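One structure is given below, encoded as structure tokens.
FYI, it's all coordinate maths here, none of it is from the lab. Model, not experiment: these values are computed from the prediction. Note that we place each Cβ from the backbone using ideal geometry, even for glycine, and neighbour counts take in every protein chain shown.
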Amino acid sequence: MAINDAFLSEFDHEMANTRKTLERVPEDKFGWKPHEKSGTMIWLAGHIANMPSWPILMFQTDSFDIEGNVERPAEPKSRKELLDTFDKNVVAGRAALADATDAQMMQPWSLKAGPQTIFTLPRVGVIRGMVMNHLVHHRGQLTVYLRLNDVPLPALYGPSGDEK
């Protein structure tokens, strides 16, 4: 089995769970945040919506500099825009992952902050850590935001206490 094939069903499963979570983001709470150092609900949801596209960058470049001249995506103005962005990015990111060869998956990729290299890993590790695990981490944060705003949570890995 090709390395990318091992990821595709997991990618599909996690993206479906993520979409179910993003569908619950209430427009009237876009500006809500649990702490002054936290991002707003729409910032967090928008960040999550953009993550599925990251494999494109990871296969087109050998590194990414987080201090570079990076244009930050605009925050979505509506739940529909949030979901449309997510859906578009899932399709594009999945295609990049599906097209990747084993040789590409094993090539090193680095995350940098100016002159400092934060890490260098084979792309397979970057996909696992920076796409899959990172997305699940932020989705977990979003479920806390939702819970603190009395929004029923979707079932993700089994029944939700709100859907029993």
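Annotation: His137 fulfils all but one of (1) touching a residue at least 24 places away in the same chain (Cβ under 8 Å); (2) part of a helix (DSSP H, G or I); the unmet one is (1).
Screening the stretch 31-59 for residues that are among the aromatic types (Phe, Trp, Tyr) and touching an Asp or Glu at 6+ places or on another chain (Cβ under 8 Å) and picking the one that is surrounded by the most Cβ atoms within 10 Å (Cβ to Cβ) gives Phe59. Considering only residues of the stretch 11-29 that are touching a residue at least 24 places away in the same chain (Cβ under 8 Å) and of a type in the set (A, V, I, L, M, F, W, C), which is surrounded by the most Cβ atoms within 10 Å (Cβ to Cβ)? Out of the qualifying residues, it is Val25. Taken over the stretch 59-79, the criterion of being assigned to a loop (DSSP other than H, G, I, E, B), more than 16 Å from Gly39 (Cβ to Cβ) and not hydrophobic (A, V, I, L, M, F, W, C) is satisfied by Thr61, Asp62, Glu67, Gly68, Asn69, Glu71, Lys77, Ser78. Listed by first and then second residue, the pairs linking a residue in the stretch 150-164 that is on the phi > 0 side of the Ramachandran plot to a residue that is polar (S, T, N, Q) and outside any loop (DSSP other than H, G, I, E, B), with Cβ atoms under 8 Å apart and 6 or more places separating them unless they lie on different chains, form an empty list.
Identify, from the list Arg72, Arg79, the residue that is closer than 21 Å to Leu135 by Cα, charged (D, E, K, R) and either under 14 Å from the mean Cα position of the chain (by Cα) or exposed (fewer than 15 other Cβ atoms within 10 Å of the Cβ) (or both).
Values: Arg79 fails: either under 14 Å from the mean Cα position of the chain (by Cα) or exposed (fewer than 15 other Cβ atoms within 10 Å of the Cβ) (or both).
Arg72 is the lone residue from the list that is closer than 21 Å to Leu135 by Cα, charged (D, E, K, R) and either under 14 Å from the mean Cα position of the chain (by Cα) or exposed (fewer than 15 other Cβ atoms within 10 Å of the Cβ) (or both).
Does Glu67 count as in contact with a helix residue (DSSP H, G or I) (Cβ under 6 Å, 6 or more places away or on another chain) and over 22 Å from Asp150 (Cα atoms)?
So Glu67 fails the test.
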